[in-house]
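The structure appears right after this line, and notes come after that.
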Amino acid sequence: MLELIIIYALNKSEFTLYSLRMYIKKHFGEISSPSHGSLHPALKRLSDKGFINIRKKISDGGKLYSYYSLKNDYTKNFSEKFLDISFSKKEPLETFLTEIKIRIIVSILADEVTLSEFREKSELKLTYYKDSIETKLDDKYLELEDIQKSILKLELEQIEKYSSLIKELK
């Protein structure tokens, strides 16, 4: 997830580690606010996979700065990274929706084939969650409290909203 956010940010501009952290905090703070300790390994992985360039520069004061930017051909590996989401294993709905949220935001970098595959896989997983929640709500032997039913209904609304957003992706 963090790597997709980094790719999205670097698509906008070249950044130092600090400025990248501040950009992510400003634009993705409600989803992710990474520390330098998590950003640095993510940047290393992206560099090793051929996504980014690292340019070193010494300031007038003698401090070494690293500048990170996207390689011109980063798109050839982007589809794989974009689709690298857990569509098979069972995970909490909130975790899956956070992954989906990130991909919706960075979807402007994806090609039509990748978006089509993403829409298809996401809809299948959202349908799985929807069916699971509806089954719980309809189960007369489960004896859910009213507050539990209300929370499950809110989750159904979230699923519907994300499903609509995914269908609108172009």
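The angle separating the long axis of helix 93-106 from the principal Cα axis of greatest extent in the chain is about 50 degrees.
Here the accessible area is traced with a 1.4 Å probe on the protein chains. For the range 1-150, carbon and sulfur cover 49 percent of it.
Between 0 and 90 degrees, the angle of helix 112-138 with respect to the longest Cα principal axis of the chain falls at about 40 degrees. Sparsely packed loop sites in the range 68-151 (the GluC sites (Glu not before Pro) outside DSSP H, G, I, E and B with at most 13 other Cβ atoms within 10 Å) comprise Glu143, Glu145. Rg and Dmax of the chain, both derived from C-alpha coordinates alone, stand at 19.5, 72 Å. Residue pairs exceeding 30 angstrom between C-alpha atoms, taken from Lys57/Lys170; Lys26/Lys71; Lys140/Lys167: Lys57/Lys170; Lys140/Lys167. Tilt of helix 2-12 relative to the longest C-alpha principal axis of the chain, in degrees (0 to 90, nearest 10)? With rounding to tens, the tilt is 60 degrees. Among Tyr65, Tyr128, Tyr141, which one shows the highest mean-square fluctuation when the chain is modelled as a Gaussian network with alpha-carbon springs under 10 Å? Looking only at Tyr65, Tyr128, Tyr141, the biggest GNM fluctuation is shown by Tyr141.
Tell me the Kirkwood radius of the range 78-144: reciprocal of the mean inverse pair distance over distinct alpha-carbon atoms, in Å. Write out the running numbers ahead of the final one.
Details: mean 1/r = 0.0755 Å⁻¹.
It is 13.2 Å.
Mean separation of Cα pairs under 8 Å and 6 or more residues apart, divided by the residue count, gives the chain a relative contact order of 20 percent.
Build a GNM of the chain with springs between Cα atoms under 10 Å apart, and of Leu64, Leu109, Leu17 the one that fluctuates most is Leu64. Anyone know which of Asn11, Asn72, Asn53 comes out most mobile in the 10 Å Cα GNM of the chain? Of Asn11, Asn72, Asn53, the Gaussian network model singles out Asn72 as fluctuating most. Three principal axis extents of the range 40-81 based on alpha-carbon atoms, in descending order, are 41, 21, 10 Å. Measuring nothing but how far apart in sequence close Cα pairs (under 8 Å, 6+ apart) lie, relative to its length, the range 15-107 scores a relative contact order of 22 percent. The calculated FRET efficiency for the pair Glu168 and Glu145, based on their C-beta separation and a Förster distance of 45 Å, comes to about 0.80.
Taking 0.36 nm per intervening residue step and subtracting the Cα-Cα distance, what contour gain separates Lys153 from Leu83 on full extension?
Computed gain between Lys153 and Leu83 is 22.4 nm.
The values are calculated or read from the model by the stated rules, or taken from the named source; none is laboratory data. The structure presented is a predicted model; accordingly, all values stated were derived computationally and were not measured. No Cβ is skipped: glycine too gets one built from the backbone with ideal geometry, and neighbour counts run over all protein chains shown. Heads up: the accessible areas ignore ligands, DNA and RNA and are worked out on the full protein's heavy atoms, side chains in. Shrake-Rupley method; radii C 1.70, N 1.55, O 1.52, S 1.80 Å.
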